[in-house]
Structure formats: structure tokens, C-alpha cells
1. Can you report the principal axis dimensions of segment B:73-116 using only the alpha carbons, biggest first, rounded to whole angstrom?
2. Where Lys and Arg each count +1 and Asp and Glu each count -1, what net charge lies around B:Phe13 among other residues with Cβ under 11 Å from its Cβ?
3. Over the protein assembly as shown, with the other protein chains present, what is the accessible area per residue in square angstrom, probe 1.4 angstrom?
4. Compute a Gaussian network model of chain A, connecting alpha carbons closer than 10 Å, and tell me which residue from A:Leu58, A:Leu95, A:Leu40 fluctuates the most.
5. Using θ = phi - 60° and the Karplus form 6.51 cos²θ - 1.76 cosθ + 1.60, what ³J(HN,Hα) does each residue of segment B:88-102 get, whole Hz, x for Gly and Pro?
6. Would you kindly derive the ³J(HN,Hα) couplings of segment B:36-45 from the backbone phi angles with the Karplus curve 6.51 cos²θ - 1.76 cosθ + 1.60 (θ = phi - 60°), listing them in order in whole Hz, with x for Gly and Pro?
7. Between A:Val3 and the same site in the other copies, what are the distances in nm, shortest first, taking label points 7 Å from Cα along the C-beta direction?
8. Once the label point is set 7 Å along the Cα-to-beta-carbon vector, what list of distances in nm do you get between B:Ser57 and its counterparts in the other copies?
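The values are calculated or read from the model by the stated rules, or taken from the named source; none is laboratory data. On a predicted model such as this, the values are computed, not experimentally measured, just so you know. Using ideal geometry, Cβ is built from the backbone for each residue, glycine included, and neighbour counts are taken over all protein chains shown. For accessibility, only protein heavy atoms count, side chains too; no ligands or nucleic acids. Shrake-Rupley method; radii C 1.70, N 1.55, O 1.52, S 1.80 Å.
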2 protein chains.
Amino acid sequence: MSVINIQEKFKLFSAHWSPKKIGELNGQQVLLAKLKGEFLFHKHDKEDELFMVIKGSLDIEFRDKKITLNESEFYIVPKGVEHKPIAKEEVHILLFEPLSIKHTGNIIANITVETYESI
Amino acid sequence: MSVINIQEKFKLFSAHWSPKKIGELNGQQVLLAKLKGEFLFHKHDKEDELFMVIKGSLDIEFRDKKITLNESEFYIVPKGVEHKPIAKEEVHILLFEPLSIKHTGNIIANITVETYESI
């Protein structure tokens, strides 16, 4: 177990839409991701998912609304709710979610990452 | 479910060593706390606990070492490990931990908070 510096971890990767694992506890994981562009609508039937913006601005579209998260803000997407992250400019986010979660939930796409690399 | 702004939430309380709940997901909770001074050695037999510093600097003493967390750093204290947070100056932290966790773990003290207020 060591001290994790979030800013240092962000320097270790550049790929978009490819979450990296930086911590694990109680069956949950802490992930970092860099996003740019549009993701696809998907849902996680059994897992709530927390999106926290570290740098930049992130939109999340739902079927009935859209929210915007700025630095130091987070939103918990409840299980079963379809959502589509959109980053007009590159955004750095932290995710907190169960180890069991799948990247694109109920959808399999070219963008889908099967296993999150630990950094 | 609404967008949570961490800085705005910190403006809503001033008491030290009294965590406030700002989110709940997958049987876990997101807490904010302001710390100043020394806590007591305690452990959580069944829960890992994540300490993230939002503002300031936090020392955590263990029986065999001491770590320092600065802004944008976190540390996961594994279940069963005795730890003692120390804040020489006021520090603002975010905690990720299970809903089942008890404030002072295996110890009951004057400082113990039984139920975390949601803000």
C-alpha cells in the first residue's frame, strides 16, 4: 500500500476512454480516465457509478436530461440508468465503482475495454 | 440524484472530526470531513478506508510507520490495520468507505460520532 498521487498517475497514460485502476477496496475500484469526444449510451444493471471531474468539464446525457460536471464535482449514475458521457474538450475524471462493472455495460463496441490496467 | 460540488459542501459545516455524507452507492458512502489535531488509534476489522486530501496536509500514523498525504493524494488503509490521523493544521478530506463502518472502529470515545449527517 502506498500513497497515490492522482496528478502523477494522470501523467502515466494518454489514451482516451481507457480507464486505469489506481486503487481497490471493499470490492470497489478507483479508476482514472481521460475522455474526449462522445461515448455511447449504455447502462450497468447492477452497479451504481460515480463520475468525478478532476480537470475540465464533462457532459453526461441521459434519455431525459443532460448534466454538466465541472472540476471538483461528481455525480452518481444509478444502476440501470442509460447514460452517455460527452467531452467536448479533454477531461480528466476519477471513477468509483464495483470491481464487477463492465466498461460499456450492456453494450459491446470497438471501444470496449475488457480489463482495466493497473497503474 | 443531483450534481455534487465538493467545495460547496465543505462550506456547509465547520466541526472537526465529524464526517458528513455527500453520496451513497453500492453499499458504500462518500464522506467529507474537516480535521484538526490528533485522532485516536483505531481500526476497522471488516472495512478498508480511503482517505483523500482535498485541501491541506494529513499525517496518518501506523504502529510501524507514518505517512503524509497532500492535496490530490490518497491512501487506502486496509481492514484490521490500526491508524491514527493527525492534522497539524486544518485539513479537508474525502473518505470512501462502506456504509457499515463505525467512526472510531473498535474504540468508543467522546469523539465518536454514531451516525453521519447527510448534507
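1. 25, 23, 20
2. +3
3. The answer is 46 Å² per residue.
4. Among A:Leu58, A:Leu95, A:Leu40, the largest GNM mean-square fluctuation belongs to A:Leu40.
5. Computed from phi, the couplings for segment B:88-102 are 5, 10, 4, 10, 9, 10, 10, 10, 10, 6, x, 4, 6, 5, 9 Hz.
6. 7, x, 10, 8, 10, 5, 7, 9, 10, 5
7. So the distances to the same position in the other copies read 3.3 nm.
8. 3.5
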